[in-house]
Amino acid sequence: SLSLFVFIYAYIVAFYLGTAGLSYRFIYDKKQEQHPKFLPQQRFLEIACASRALPQITLMTIPWILGQLHGYSRVYKDWNQYGVAYLFVSAAMFILFTDFCIYWVHRLEHHPLVYARCHKLHHKWIVCTPYASHAFHPMDGYLQSVPYHLAVYLFPMHEYVYLALFAFVNVWSVMIHDGEYVSNNPVVNGAAHHTVHHLYFNYNYGQFTTLFDRMFNTYREPTLEIYDRSRRNSKTVQAAQASDIDTALPSLESKKHN
């Protein structure tokens, strides 16, 4: 319905602009905007891209929401229905299930038959700001969101746990694009790992963990200069990254268009 569309769209836009805005204001390392691969007016281009995508993603998402509202999902209301322990188990199941699914959706989006049509737009942002988190082709954003909706049709989840996790995944999407590498953990797929993906394309497809990248041989460990703010802002380091990208990109783009 129109009212449901307006409500969901308003929530998504407010959450995106609010979260990304706070991250940009207080967390984002703005010296990254001096990187040779940072586009002129990129922050505004990212916001404009997201603004075009979000209404279409909202429209495609409504059937999932209507299914939940009409009781077709396995979302439940009674805290005691499956016990307190299951609240934590279901949250872990949600993270692992969606991480696995998004890994494969994301990896398949890099296939030559799909990349140019769907995912290439998001890789326009080689050096990201938090606003890049939702700056993608509408179908790209929708496909990567499907596992979040599908999960509650496959296994039970309390409605408030689900809502909290849905908020978390949107915050996480902003965090892995914010250029501030607070996590140097071999299992957590933080901003440093996702930065490697944007710089070098064919690595680190995971969303929350590095488990599936390690399992399927697409893991690339971030180098020390990515974690060290002074090193990553070095003109020498940035010039070397730009050179690597300029060398590799023509071959990568050719393969993804053939």
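Only the coordinates and a few stated rules stand behind these numbers; no lab work does. Please read all numbers here as calculations on a predicted model, not as lab measurements. Here Cβ is always computed from backbone atoms with ideal geometry, including for glycine, and neighbour counts include all displayed protein chains.
Normalise the Debye intensity by I(0) for the chain, one equal point scatterer per Cα, no solvent, then take log10 at q = 0.07, 0.09, 0.17 Å⁻¹ and round to two decimals.
Results for the chain at q = 0.07, 0.09, 0.17 Å⁻¹ read -0.25, -0.41, -1.43.
Place a +1 charge on the Cβ of each Lys and Arg in the stretch 2-141 and a -1 charge on the Cβ of each Asp and Glu, then give the dipole magnitude about the Cα centre in debye, rounded to the nearest 20.
320
Can you list the aspartates and glutamates whose alpha carbon is less than 16 Å from that of K77, not counting same-chain residues fewer than 8 positions off?
The reachable aspartates and glutamates, counting only those whose Cα sits under 16 Å from K77, are E159.
Using amide H atoms built in the peptide plane, which far-off residues or other-chain residues are under 5 Å from H158 H to H?
Excluding prolines and chain starts, which carry no amide H, the hits are Y76.
So, with +1 on the Cβ of K and R and -1 on the Cβ of D and E, and no other charges, what is the size of the charge dipole of the stretch 192-248 about its Cα centre, to the nearest 20 debye?
140
Any idea how far apart Y82 and K235 come out in nm if each label point goes 7 Å out from Cα toward Cβ?
5.6
Per 0.36 nm of contour for each residue apart, how much would the distance between A48 and K30 grow if the chain were fully extended, relative to their Cα-Cα spacing?
4.5 nm
Under the Kirkwood approximation for Rh and a Cα-based Rg, what ratio Rg/Rh is obtained for the stretch 124-258?
Working: Rg = 16.4 Å, Rh = 16.4 Å.
In the stretch 124-258, Rg relative to Rh is 1.00.
Using the Cα centre as the reference, give the magnitude of the dipole from point charges on the C-beta atoms of the stretch 1-84 (Lys, Arg: +1; Asp, Glu: -1; all else neutral), rounded to the nearest 20 debye.
Working: 8 positive and 4 negative charges, 34 e Å.
Using Cβ point charges on Lys, Arg, Asp and Glu, the stretch 1-84 gives about 160 debye.
Specify which residue in the list L96, Y28, F15 is farthest towards the positive end of the charge dipole of the chain, using unit charges on the beta carbon of Lys, Arg (+1) and Asp, Glu (-1), about the Cα centre.
After comparing all options, I get Y28.
Find out how many positive minus negative residues lie around Y86, taking Lys and Arg as positive, Asp and Glu as negative, among other residues whose Cβ is under 15 Å from that of Y86.
Working: positive: R74, K77; negative: D78, E159.
It works out to a net charge of 0.
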